[in-house]
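Visitor: Got a structure here, written out as structure tokens. Questions coming.
The values are calculated or read from the model by the stated rules, or taken from the named source; none is laboratory data. These numbers were taken from a predicted model, which means no experiment stands behind them. Please note: Cβ atoms are built from the backbone with ideal geometry, for glycine as well, and neighbour counts cover all protein chains shown.
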Amino acid sequence: MKVLMFGWEYPPHVYGGLATANFGISEGLHVQGDIETTLCLPHPFGDEDQRFANIVAMNCVPIAYRDVDYDYVKNRVGDIMNPDLYYELRNHIYADFNYMHVNDLGAMDFAGGYPANLHEEINNYSIIAGVVARTLDYDIIHAHDWLTYPAGLHAKQVSGKPLCIHVHATDFDRSRGQVNPTVYGIEKDGMDNADCIMCVSELTRQTVINQYHQDPRKVFTVHNAVYPLTQEIADIPRPDHKGKEKLVTFLGRITMQKGPEYFIEAANMVLHRTRNVRFCMAGSGDMMNQMIYLAAERGIADRFHFPGFMRGKEVYECLKASDVYVMPSVSEPFGISPLEAMQCGTPSIISKQSGCAEILNNCIKIDYWDIHALADAIYSICHNESLFDYLSEEGKKEVAQITWEKVGAWIRELYLRTLGW
């Protein structure tokens, strides 16, 4: 089975959980043994792992004809895409796009990530998808999140092949209900025209059914998973904090959806009971300065650290150095980070309003708004060694059973159902 997959980010260039999930799903499908995935990315850098998917660089796909020789193409794009594919794609340009801003190869540039002109890049990506869809051989289309739904729809219109969309989040999650009409329209259009809708949690599935008015018979829950730790990460030492200051960590985008203010308010309550705890708010986002000011207003700035955005090994070093991990999200479609924390042996506290709460048992679950319960949970883990040890050991065992291979097997089954094979 051949899958044409549209994604927006991919490790090692991680901007959020979407990259992690995209890689895990690619790996999970690959190990099924009979699935070949072609993954289209707007701006790959050439250092992406291509063991599990063949990557097409959308910023190297020509939409306007340019008469360029092979050596020139190889010199320009050879490190991220096979030059032969460039010429094959060039033969399938389907309209006159010379009026658009293209480079010397007739391709459009992408900034990568989430630039200010994001909607323009989404539109350009969908135009390029038309060339890719006319060129490659595939059985089914899989589009990740709203950014790639227009591309998936274009590919479906061109090929007549069935479209699966993967809902990693909705605008209801990102905006606390203050939905952007443009984004909602893109999401709704994608869902209306998809043959199969995969949602990262039952929480998200219910949002899709109730807020986007989708037929429940085509909407399925596909929970995320977590990679096994590499030997390098597993070898990172875990500091012994017994009898010493404890470290409590929030790690994620510092934005409304993630509930950072509840973390600070709970920290304030804990610090009224003990001063033997430090708090780390790792990440970046539009509420970062606001949270720094809030910590100062509460008089706890001397117990708070704001190290900024972390990636790769830094994330695991931070998690292993922590005694408690907290995810107080207001609306979290899934939330992979608690699984990563539990892998590291770090007891986790998560909001009941998160998708991962549906599959995790060896952690503490609280309502995001209940700062008293959150403060009690933090204090209990920090001051009860038996509770810490239990959550640490049982959490590791539980997460070891949550694998991308199982996710891949379920997605494969949904592909087969959608295709009628």
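Visitor: Note down all Cβ pairs under 6 Å where the first residue falls in region 241-254 and is closer than 17 Å to PHE309 by Cα, the second is in a loop (DSSP other than H, G, I, E, B) and aliphatic (A, V, I, L, M), and they're at least six residues apart or on different chains.
Guide: Cβ pairs passing all conditions: ILE254/MET287.
Visitor: Mind listing whichever residues of region 382-418 are among the small types (Gly, Ala, Ser) and in contact with a helix residue (DSSP H, G or I) (Cβ under 7 Å, 6 or more places away or on another chain)?
Guide: GLY395, GLY408, listed by residue number.
Visitor: Moving on to the next point. Of the numbered conditions (1) among the hydrophobic types (A, V, I, L, M, F, W, C); (2) outside the structural domain of GLY308 (by TED's automatic domain parsing); (3) more than 26 Å from MET5 (Cα to Cα), PHE172 satisfies every one except a single condition; which is it?
Guide: Condition (3) is where PHE172 drops out.
Visitor: Oh, and also: Need pairs with beta-carbon distance below 6 Å; first residue more than 10 Å from ALA133 (Cβ to Cβ) and in the same structural domain as ILE186 (by TED's automatic domain parsing) and within region 143-155, second polar (S, T, N, Q) and in a helix (DSSP H, G or I); sequence gap 6+ or separate chains.
Guide: Here the result reads HIS144/ASN22; PRO150/SER126; LEU153/ASN193, each pair linking region 143-155 to a residue that is polar (S, T, N, Q) and in a helix (DSSP H, G or I).
Visitor: Taking the condition touching a residue at least 12 places away in the same chain (Cβ under 8 Å) and basic (Lys, Arg), does ARG217 pass?
Guide: For ARG217, the condition - touching a residue at least 12 places away in the same chain (Cβ under 8 Å) and basic (Lys, Arg) - is not met.
Rundown of residues vs (1) closer than 17 Å to ASP189 by Cβ; (2) modelled with pLDDT under 95; (3) not hydroxyl-bearing (Ser, Thr, Tyr), yes/no style:
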position: GLY78; (1), (2), (3): no, yes, yes
position: GLU88; (1), (2), (3): no, no, yes
position: ALA95; (1), (2), (3): no, yes, yes
position: ARG134; (1), (2), (3): no, no, yes
position: GLY152; (1), (2), (3): yes, no, yes
position: GLY160; (1), (2), (3): no, no, yes
position: ALA169; (1), (2), (3): yes, yes, yes
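Visitor: Quick one: what pairs do we get from region 362-374, first residue free of Cβ contacts under 8 Å to residues at least 60 places away in the same chain and in the same structural domain as GLU261 (by TED's automatic domain parsing), second assigned to a loop (DSSP other than H, G, I, E, B) and of a type outside the set (A, V, I, L, M), C-beta under 6 Å, 6+ apart or different chains?
Guide: Within 6 Å, the pairs are LYS365/LYS352; ASP367/LYS352.
Visitor: List the helices (runs of 4 or more DSSP H) inside region 315-421, counting only whole elements, that have at least 3 residues being over 25 Å from the mean Cα position of the chain (by Cα) and of a type in the set (D, E, K, R).
Guide: On the way: elements: 337-343, 371-383, 385-400, 404-419.
By residue number, 385-400.
Visitor: Have a look at LEU105, LEU118, LEU89 and point out the one that is touching a Lys or Arg at 6+ places or on another chain (Cβ under 6 Å) and among the hydrophobic types (A, V, I, L, M, F, W, C).
Guide: Values: LEU118 fails: touching a Lys or Arg at 6+ places or on another chain (Cβ under 6 Å); LEU89 fails: touching a Lys or Arg at 6+ places or on another chain (Cβ under 6 Å).
Selected residue: LEU105, the only one of LEU105, LEU118, LEU89 that is touching a Lys or Arg at 6+ places or on another chain (Cβ under 6 Å) and among the hydrophobic types (A, V, I, L, M, F, W, C).
Visitor: Another question, if that's okay. Got a sec? Which of GLU413, GLU340, GLU394 is surrounded by 15 or more Cβ atoms within 10 Å (Cβ to Cβ), among the acidic types (Asp, Glu) and closer than 21 Å to GLU27 by Cα?
Guide: GLU340
A quick yes/no check of all residues on (1) at pLDDT 95 or above; (2) out of contact with any Asp or Glu (no Cβ under 8 Å at 6 or more places or on another chain):
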residue: VAL222; (1), (2): yes, yes
residue: VAL226; (1), (2): no, no
residue: ALA234; (1), (2): no, yes
residue: PRO239; (1), (2): no, yes
residue: TYR262; (1), (2): yes, yes
residue: ILE292; (1), (2): yes, yes
residue: PHE304; (1), (2): yes, yes
residue: MET327; (1), (2): yes, yes
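Visitor: If you take the residues in region 160-201 that are surrounded by 16 or more Cβ atoms within 10 Å (Cβ to Cβ) and of a type in the set (S, T, N, Q), which one is farthest from HIS119 (Cα to Cα)?
Guide: Of everything passing the filter in region 160-201, SER201 is farthest from HIS119 (Cα to Cα).
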